[in-house]
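Working notes for the structure below.
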Amino acid sequence: MRKYSATGIAIDNHCAMKFVDGQFRVITAKRGVDAYQVFRKNNKVVIDEIPKKNAYLPIAQLYE
């Protein structure tokens, strides 16, 4: 990510993201696993956890 300005997604083992009709949600099969937004800010790599919700969220939220 140090070379790119785009947002990426990182996903732990036993974790998935489901995309339906412009929305998404994070699904996990184990505790302690997550999905993350990875991006560059002020020349540093930032890793933010993507929230796990039962409801679907708009994909646009991944780019905020």
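Only the coordinates and a few stated rules stand behind these numbers; no lab work does. Please read all numbers here as calculations on a predicted model, not as lab measurements. For neighbour counting, all protein chains shown are included, and Cβ atoms are generated from backbone atoms with ideal geometry for every residue, glycine included.
Identify the residues of region 48-64 with backbone N under 16 Å of a label point that sits 7 angstrom from the Cα of residue 19 along the Cα-to-Cβ direction, or state none.
In region 48-64, the label zone of residue 19 (backbone N under 16 Å from the point 7 Å along Cα→Cβ) covers 56-64.
How many lysine pairs does the chain hold where the Cα atoms are under 14 Å apart and the two sit 8 or more places apart or on different chains?
Details: 3/41; 3/44; 18/52; 18/53; 30/52.
Close lysine pairs found across the chain: 5.
DSSP loop (so not H, G, I, E, B), at most 11 other Cβ within 10 Å: list which chymotrypsin sites (Phe, Trp or Tyr not before Pro) in region 1-33 pass both filters.
Numbers: sites: 4, 19, 24; in loops: 4.
Filter output for region 1-33: 4.
How high is the relative contact order of the chain? Use alpha-carbon pairs under 8 Å, at least six apart in sequence, and give a whole percent.
34 percent
To the nearest 0.05, how large is the calculated FRET efficiency for residue 60 and residue 10 if R₀ is 25 Å and r is the Cβ-Cβ distance? Before the final figure, lay out each step's value.
Numbers: r = 19 Å, r/R0 = 0.77.
Taking R0 as 25 Å, the efficiency between residue 60 and residue 10 is 0.85.
Could you rank the peptides 42-49, 6-13 by their average count of other C-beta atoms within 10 Å per residue, with the highest value first?
Answer by packing, highest mean first, reads 6-13, 42-49.
Which value, in Å³ per residue, describes the convex hull spanned by the Cα atoms of the chain?
Taking the convex hull of the Cα positions in the chain, it is 87 Å³ per residue.
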